[in-house]
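Presented below is the structure to which this report refers.
The values are calculated or read from the model by the stated rules, or taken from the named source; none is laboratory data. Everything numeric in this text was worked out from a predicted model, so none of it was measured. Backbone-built Cβ (ideal geometry, glycine too); neighbour counts: all protein chains shown. Remember, those area values only see protein heavy atoms, side chains included, never the ligands or the DNA or RNA. Shrake-Rupley method; radii C 1.70, N 1.55, O 1.52, S 1.80 Å.
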There are 4 protein chains.
Amino acid sequence: MSDQDSIIEEFFEEEKDGLTDKQKKIIAAAIESFSEKGFAATSTSEIAKKAGVAEGTIFRHYKTKKDLLLSIVVPMMAKFIAPFVINDLNKVLNTRYENYEDFLRAMIENRVIFFKNNLALFKILFQEIPFHPELKKLFKEHLAEKVYERFTELIHYCQAEGQIIDLPPYSVVRLTASTIFGYIIGRYLLFPEEDWEDDLEIERTIQFIMHGLSPR
Amino acid sequence: MSDQDSIIEEFFEEEKDGLTDKQKKIIAAAIESFSEKGFAATSTSEIAKKAGVAEGTIFRHYKTKKDLLLSIVVPMMAKFIAPFVINDLNKVLNTRYENYEDFLRAMIENRVIFFKNNLALFKILFQEIPFHPELKKLFKEHLAEKVYERFTELIHYCQAEGQIIDLPPYSVVRLTASTIFGYIIGRYLLFPEEDWEDDLEIERTIQFIMHGLSPR
Amino acid sequence: MSDQDSIIEEFFEEEKDGLTDKQKKIIAAAIESFSEKGFAATSTSEIAKKAGVAEGTIFRHYKTKKDLLLSIVVPMMAKFIAPFVINDLNKVLNTRYENYEDFLRAMIENRVIFFKNNLALFKILFQEIPFHPELKKLFKEHLAEKVYERFTELIHYCQAEGQIIDLPPYSVVRLTASTIFGYIIGRYLLFPEEDWEDDLEIERTIQFIMHGLSPR
Amino acid sequence: MSDQDSIIEEFFEEEKDGLTDKQKKIIAAAIESFSEKGFAATSTSEIAKKAGVAEGTIFRHYKTKKDLLLSIVVPMMAKFIAPFVINDLNKVLNTRYENYEDFLRAMIENRVIFFKNNLALFKILFQEIPFHPELKKLFKEHLAEKVYERFTELIHYCQAEGQIIDLPPYSVVRLTASTIFGYIIGRYLLFPEEDWEDDLEIERTIQFIMHGLSPR
DNA sequence: AATGAATGAGGATTCATTCAT
DNA sequence: AATGAATGAATCCTCATTCAT
């Protein structure tokens with residue numbers, strides 16, 4: 001399934017823009033450096049060296065250093081959101097999933113793999129969002145609006161079915177999202193080197209959410 | 001209660017080093033700039049201007065720009081952790097709180113206010129931790145070890161009492177912490193401008209955790 | 001009369017080298033940019049964009065940026081000087097003009113139109129001469145020597161006829177040229193947007209010179 | 001007389017801003033380089049080297065390279081214009097000079113020396129005016145308005161006295177100025193290395209203007 | 001002939017830091 | 001203690017020019 005690929009490879013394979021070989025190297029080097037040291041602390045000369053190209057080559061493809069950042073971060077936001085908007089949630093609503101629990105399980109599996117494969121990109125995204133208003137805006141528009149909207153529909157449906165407690169959707173979203181992101185962040189960013197029994201932890205996470213949201 | 005003060009003021013009042021007036025202004029200016037633009041993207045000249053001091057003055061007090069960062073971030077980590085280590089958790093174990101729910105409530109009230117009063121500092125902390133190994137180490141030692149240890153004791157106690165489900169403590173900590181931080185981040189960082197019914201949301205959050213952790 | 005054409009068009013039509021279409025566009029773009037921003041401040045990529053050709057194409061035709069400048073400026077110096085050397089002055093000396101005044105009138109009409117049609121080129125020429133010794137040398141050789149020589153002959157003739165005062169020819173040339181160039185510069189470079197009664201001003205200019213040079 | 005000093009020295013001595021030693025060296029180096037190679041073709045590193053300061057030092061005193069240009073060119077425009085506005089013309093109108101000829105003689109002596117002492121500055125001024133709209137504007141406001149106005153008064157006076165022909169003042173100004181600038185440019189910029197009998201040439205120039213403007 | 005990707009030297013400017021006052 | 005002028009390395013970016021296609 002294409003969702004499981006790393007975005008970086010998708011960049012290089014799917015994109016019709018036909019990225020040059022050098023462009024691919026630049027992108028890869030930039031992702032590595034940005035995620036390790038942060039955007040502001042990464043110099044273009046460093047990226048050039050790592051990519052094995054001349055510094056000028058970077059600026060032939062990306063007008064500014066910031067353009068390079070955006071060319072990395074913007075498509076990834078789209079990729080992240082795509083399945084919510086197009087596939088999975090539709091499936092849920094189309095009764096492919098009978099209930100919130102199955103949905104959660106499908107989503108976690110799907111998006112967790114996505115995160116895992118794109119860790120560096122996510123680090124960049126979350127590090128830089130606070131400092132770039134355009135990114136913040138994009139993020140809100142995409143995630144807070146498109147994804148949230150779809151989520152809301154699902155929640156209403158599950159609430160109507162009596163599967164989950166009758167809280168305002170935004171609270172349900174917040175509690176669900178917190179728990180899932182908490183897992184991802186702990187698992188892949190904070191303590192990636194610990195031993196994690198992934199299947200077990202995911203199951204615990206799902207049960208925690210389901211019980212937390214169970215009608216009283 | 002001193003926990004409710006902003007750390008910045010505590011810096012200035014409690015510290016025995018006896019900060020000069022200029023030093024205070026430098027710290028305040030640095031906090032503002034670092035949290036707005038990030039450490040790497042903030043120049044010392046900018047801080048000097050904002051603080052109303054000469055550029056050289058900063059370096060009289062802090063050998064390097066990074067020293068300035070650490071002088072801000074390190075004490076705040078200590079302050080954040082202090083109550084866990086010294087007061088509240090002890091109180092819990094000393095049976096001042098009868099159960100996990102009361103503890104959660106007390107902790108949220110206590111630490112949420114702390115966050116709220118020190119938002120800028122937290123932004124800096126979380127932004128910079130990934131890029132400074134010393135910070136990461138400090139953070140892990142303090143939080144992951146000291147706080148986690150205390151938490152574990154409490155969890156064992158509550159599990160023994162049958163209040164919460166018998167999961168491994170690290171899972172309980174993870175799920176609890178995710179949910180609480182999720183609230184704080186949503187409330188104060190992502191969507192601070194939305195209308196939040198704080199008491200209600202906090203109650204929902206607590207109930208979510210309690211049900212999520214209830215013994216099956 | 002071909003003198004009245006713009007040099008640029010002459011470039012394109014008369015030149016035996018047979019300029020390609022692209023070459024014409026490059027020259028036109030270069031003239032525009034050089035005259036607006038100066039040679040040093042104009043980039044070849046800008047010229048390429050304006051000309052609608054690839055950056056490399058410029059260097060296929062002109063080895064260096066400076067070559068491009070020279071290919072513009074050198075032929076124009078020749079064109080400017082040509083009539084002095086070949087046509088008009090000969091005509092004067094061949095008694096087609098009876099006196100200095102008629103000559104002045106003819107020259108102003110002739111060369112003023114030439115200036116007007118080639119303003120951009122003249123701006124480039126006068127801007128760049130001070131910075132390019134080869135240009136300076138060319139200019140002196142052509143103008144200061146060939147034109148000056150012809151002028152001198154005419155002046156001697158007119159002085160012998162008692163039409164103008166008996167100053168050294170270089171003074172006569174200087175005073176005449178200053179006045180005429182003063183008109184052209186004021187008219188077309190400094191204050192082109194003012195209302196000018198051209199015929200009247202030209203007549204005043206001629207009368208000023210004639211009276212200024214009248215034998216006492 | 002202070003008008004006869006070079007502006008550069010005045011910069012350094014009279015200015016109350018109290019220029020640093022380094023600043024003086026920067027200005028001197030910039031004037032030399034700008035006048036030799038043009039503003040755009042001069043690099044800040046070159047100026048720094050010539051001035052014997054670090055490149056950063058330039059930017060401590062002048063925010064941009066263009067600022068440096070303006071800090072050179074703007075005060076000189078003021079200096080050039082000052083005597084017209086304040087001293088000499090007033091003197092003329094206050095009957096210190098009886099006629100246009102005496103005025104011309106005084107002005108040429110006065111301003112020619114000024115030019116001679118500030119050749120490099122004038123080269124810069126005239127080279128750069130076409131490319132910097134602010135300069136162009138300043139120039140027009142100062143010269144075209146203030147000086148021109150004063151000139152006009154004088155011309156009206158001399159015309160009323162019957163000393164000069166009854167042309168529109170702008171024509172008189174143009175013809176006078178062309179002739180004088182023509183002398184200066186020829187003398188100091190185009191052919192400075194020729195032998196010039198200065199007194200004689202100036203007298204010829206004055207006589208040319210006076211006869212050129214004599215009432216018919 | 002024409003392209004445009006690639007280069008790397010050099011551009012203006014900013015930076016953290018030093019030091020004489 | 002405090003200043004702010006001075007530094008020069010490093011920043012992002014532009015440039016004229018080359019060369020494989």
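Some notes on this structure:
- Listed pairs D:22/D:65; C:146/D:136; B:49/D:50 exceeding 23 Å between Cα atoms: C:146/D:136; B:49/D:50
- Cβ-Cβ distance of residue A:36 and residue D:109, R₀ of 56 Å, FRET efficiency by 1/(1 + (r/R0)^6): the value works out to about 0.20.
- Mean partner shielding of peptide D:172-180, defined as the number of other chain Cβ atoms within 10 Å of each residue Cβ, is 6.
- Residues of segment C:116-147 buried by at least 10 Å² on assembly (accessible area, 1.4 Å probe, chain alone as reference): C:123, C:127, C:130, C:131, C:136, C:139, C:140, C:144
- For C:53-61, mean number of other protein chain Cβ atoms within 10 Å: 0
- Surface listing: A:188, D:148, C:170, B:100 arranged by accessible area from highest to lowest gives C:170, D:148, A:188, B:100, probe 1.4 Å.
- For segment A:27-48, the residues whose amide N sits under 16 Å from a probe point set 7 Å from the Cα of residue A:71 along the beta carbon direction are A:27-34, A:44-48.
- Projected label distance in nm at residue A:22 and residue C:78, using a 7 Å step from Cα toward the beta-carbon: 3.9 nm
- Taken across both chains, chains A and B shield about 3100 Å² of accessible surface from a 1.4 Å probe.
- Label spacing, shortest first and in nm, from residue B:19 to its equivalents in the remaining copies (7 angstrom along Cα→Cβ): 4.3, 4.5, 6.9
- Distances between copies at residue D:191, taken between label points 7 Å from Cα along the C-beta direction, are 2.9, 8.4, 9.2 nm in increasing order.
- Each peptide in D:72-79, C:129-136 was scored by the mean count of other Cβ atoms within 10 Å over its residues; highest first, the order is D:72-79, C:129-136.
- Note that segment A:206-215 has calculated 3J(HN,Hα) couplings of 5, 4, 4, 5, 4, 5, x, 9, 5, x Hz, one per residue in order, obtained from phi through the Karplus relation 6.51 cos²θ - 1.76 cosθ + 1.60 (θ = phi - 60°); glycine and proline are x.
- Fraction of accessible area attributable to carbon and sulfur, segment C:159-216 (%, probe 1.4 Å): 57 percent
- Relative intensity, log₁₀ I(q)/I(0), of segment C:96-216 from a Debye sum that treats every alpha carbon as a point, q = 0.10, 0.14, 0.16, 0.22 Å⁻¹: -0.35, -0.68, -0.87, -1.37
- The residues neighbouring residue D:77, those whose beta-carbon lies less than 13 Å from its own, together hold a net charge of +1 under the Lys/Arg +1, Asp/Glu -1 convention.
- Modelled spin labels at residue D:126 and residue B:188, positioned 7 Å past Cα toward Cβ, are 6.8 nm from each other.
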